[in-house]
Each structure stands twice: as structure tokens, then as C-alpha cells.
Amino acid sequence: MRKVIVDCDPGHDDIMAILSLLAHPDEIDVLGFTTVCGNNLMPRVTDNLCRVLSYLNIDKKVACGYDSPLVLDPEPQDAHGESGLDGPILPSSKLKPIELKAVEFIKEMALEHDKITIVALAPLTNIAMFIKTFPELKNKIECITLMGGSRSSGNILKRSEFNFYGDPHSADIVFKSGIPVIMSDIEICAECSTSHKIIDGLKGQGKVHDLCYDILNFFSEYNRKRNVDSSPIFDLVPVMHMLHPELFITRKCQVDIELDGKYTRGMSVVSEGDNCLLIEHLKDNTLYNNYFLEDLNILERNNSGN
Ligand code: BDR
Ligand code: CA
């Protein structure tokens, strides 16, 4: 069984990724979550995660990570609203973070298990600090599958994606670490968009579906206002690739991160090479979204009675 740690900054799309992953307990053992400053400051995103898990009665470990990037200042994202997870109204959490900090938690898990996979859905500060602090444990990380970067576009600057823009120095450490990295960039996330019709259909289908509707309805507002009929759920993509690799076309490449650019901070430069497996294309958007909906149905069934 694959042992997974999810490093995240929930974040609407982070929650969708987490829910999909949790729908596969026979294949994926989610050891716990580490949180990091990204979409909002660390205490906020940690509270958002704990509220969702607690609301759905999911008892998992949550370890707090860094509250600022390695070198630069934090810059919360508007797309997620003031709370970092605007949309659903959730009661305060019964679940509290564990005492161990993120990097220590990853270390403990790396020592305890043969191999672990890191699903990284946020700026890479915790992961870079783990690599720097415990280089002798690098070989315990089977791979880091991350959402971040782009081939030719940007969602913060013209050529910069938020997670790499947020902490370029950490992204640079990760790509230079020698640990196998799988990258889901903005372009593949766009191919994996979910139609607003699908999102609207979630409403009224149960507790899990209603929560997802509230989350995705808020998250898709930006595109709805522009008359676009679908929205990417960015962080879901690396999870879907882990669960259904046959749905994707991938290629090996070299990824380097721009650290100094005034207009290109955090830009990912993709060229020939092999420090990264790029998820290049999706074969079937309908199947992709059906798998996602099936995961929500599984969670709904597991949650009924709570
Ligand atoms: C990434 O930035 C965040 O706002 C999302 O959660 C996702 O991880 C998309 O660029
Ligand atoms: Ca995220």
C-alpha cells in the first residue's frame, strides 16, 4: 500500500484533492497532512483543513509547517477569499494539529516506513526544509508529485504559477534534490477542468456533495463571471494522476526555477532533460471527471450515518 503525506494550503482545490485521495483507503494510506503558508497564512489554512476533516469525521494527523517562504514574504491569494476557503460555512474544528512540526512529522514517517510519497499542493517550503534538514532521508521519498509551474503561461505573473511564485527558492531546492518529481502544471490543470454543469449537479446530493458544491461554486466564480463554462481544480490533478496514471500522457524533462527575475519570479523553465516527469496531456476529460465524481460518491456512502 502506498504511504502518502499531503503537504497543502487549503485552499478550495486542495480540499478536493484531499477528498479524492481519502476515497481510496485500499490503495493509499494517507499518513497525515502538513500545512504551509500559501493561499493564506499557515494558521488559517491549517484551521481550514481541520474544519473540513472534523466536519466529515475524518480522523487524520495534521502537522503545522512554515508560516513564511524561505526568503520572501508571504503573499496570500485572492482567489480563495478572505478565509482562504470562502464559500462553505463550517463549524469550528474538534480536530487539533499534532505537536510535531511538519518537517519533524515527515522525518518520523520517513523513518517509520520503507518509502513515502509526498503530494505537494502548495509552495514547497516544508519539503525544501525537510530535504535540507534531513538529507540522509531523501532516499526514503519515493517521489514528490506536485501541483505547480507552467510551460508557457502564468496565473500570478505572465509566466509564473502561484505555488512556485510563492516560494521559488524552495521549488529550486526540490528540483535540484535528485528526488523523483512529477509536475502537474497550469496547462495540464486547464485540460483537466471541470464543467460548471458538473459542479452545479453536486448540490443536494448529500453532506459531502453539498460541501464540495459550496467550495467549488466559490472557486469557479472567477470563470463564471467571464462566461467560461468550466474551471480547473488545480490540486486535484496530481492526485488523479496517482490514482489513474493511464489517463495521462507524460514526458521526462528538465525543470529549472527562476529566482531573480523581476517579471518572472518563480517561472519554471522546461527543457530537455530528466529531473522531472511532466504530466503533459489528459486523454479523456469525461472519464477524469467521472472518476472524481465517483470518489465523492464513495465518501458520501462512507459518511452517511455521521
Ligand atoms: C495553485 O495555487 C493555489 O491557489 C492553488 O491551491 C493551487 O495549489 C494553483 O496555481
Ligand atoms: Ca494549493
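The values are calculated or read from the model by the stated rules, or taken from the named source; none is laboratory data. This is a predicted model, so every value here is computed, not measured. Every residue, glycine as well, gets a Cβ built from its backbone with ideal geometry; the counts of neighbours run over all protein chains shown. Just the protein is used for accessible areas: all its heavy atoms, side chains included, with ligands, DNA and RNA removed. Shrake-Rupley method; radii C 1.70, N 1.55, O 1.52, S 1.80 Å.
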If segment 35-187 were replaced by its equivalent ellipsoid, with semi-axes equal to the square roots of 5 times the Cα gyration tensor eigenvalues, what would those be, largest first, whole Å?
-> 24, 22, 13
Whole-percent carbon and sulfur contribution to the accessible surface of the chain (1.4 Å, no ligands, DNA or RNA) stands at 50
At 20 °C and 1.002 mPa s, the Stokes-Einstein diffusion coefficient in µm²/s for the chain, with hydrodynamic radius from the Kirkwood sum on alpha carbon pairs, is 113
Solvent-accessible area per residue for segment 197-306 at a 1.4 Å probe radius, Å²?
-> 51
Within straight cross-link reach of Lys283, meaning Cα distance under 17 Å, which aspartates and glutamates are found once same-chain residues fewer than 8 apart are removed?
-> Asp185, Glu187, Glu191, Glu246
So what's the back-of-envelope 222 nm ellipticity for the chain, counting only DSSP H runs of four-plus at -39500 (n - 2.57) apiece and dividing by all residues, rounded to 500?
-> -11000 deg cm²/dmol
Compare Glu142, Glu272 by solvent-accessible area with a 1.4 Å probe and give them largest first, with all protein chains kept in place.
-> Glu272, Glu142
Accessible area per residue, 1.4 Å probe, Å², for segment 33-148: what's the number?
-> 43
Would you mind classifying segment 65-118 by shape? Square roots of the alpha carbon gyration tensor eigenvalues, ordered a ≥ b ≥ c; an a/c under 1.5 is rounded, otherwise it is prolate if a/b is larger than b/c and oblate if not.
-> oblate
Name the most mobile residue of Arg226, Arg44, Arg265, meaning the one with the largest mean-square fluctuation, in a Gaussian network model of the chain with Cα contacts below 10 Å.
-> Arg226
How about Lys140: which lysines have a C-alpha closer than 24 Å to its C-alpha, ignoring those fewer than 8 places off in the same chain?
-> Lys3, Lys60, Lys61, Lys101, Lys107, Lys115, Lys132, Lys176, Lys252
Size of electric dipole in the chain: Cβ of Lys, Arg +1 and of Asp, Glu -1, about Cα centre, debye, nearest 20 = 120
Going by a ≥ b ≥ c, the root eigenvalues of the Cα gyration tensor, does segment 152-306 fall in the rounded group (a/c under 1.5), the prolate group (a/b larger than b/c) or the oblate group?
-> prolate
Assigned charges on the beta-carbon of Lys, Arg, Asp, Glu; segment 196-264 dipole about Cα centre (debye) = 200
For Leu124, the net charge from surrounding residues (Cβ-Cβ under 13 Å; K, R +1; D, E -1) works out to -3
Return the sequence-ordered ³J(HN,Hα) values of segment 293-299 in whole Hz as given by the Karplus equation 6.51 cos²θ - 1.76 cosθ + 1.60 applied to θ = phi - 60°, using x for Gly and Pro.
-> 5, 5, 4, 5, 5, 4, 5
Residue-count net charge about Thr264 - beta-carbon cut-off 9 Å; Lys, Arg +1, Asp, Glu -1 = +2
Which of the lysines could be linked to Lys225 by a straight reach, that is with a Cα gap under 24 Å, when you skip same-chain ones fewer than 8 residues away?
-> Lys158, Lys197, Lys203
R0 of 25 Å, Cβ-Cβ distance Asp67-Asp274: FRET efficiency to nearest 0.05 | 0.15
Summing +1 for each Lys or Arg and -1 for each Asp or Glu, what net charge is found among the other residues whose Cβ lies under 10 Å from the Cβ of Pro76?
-> -3
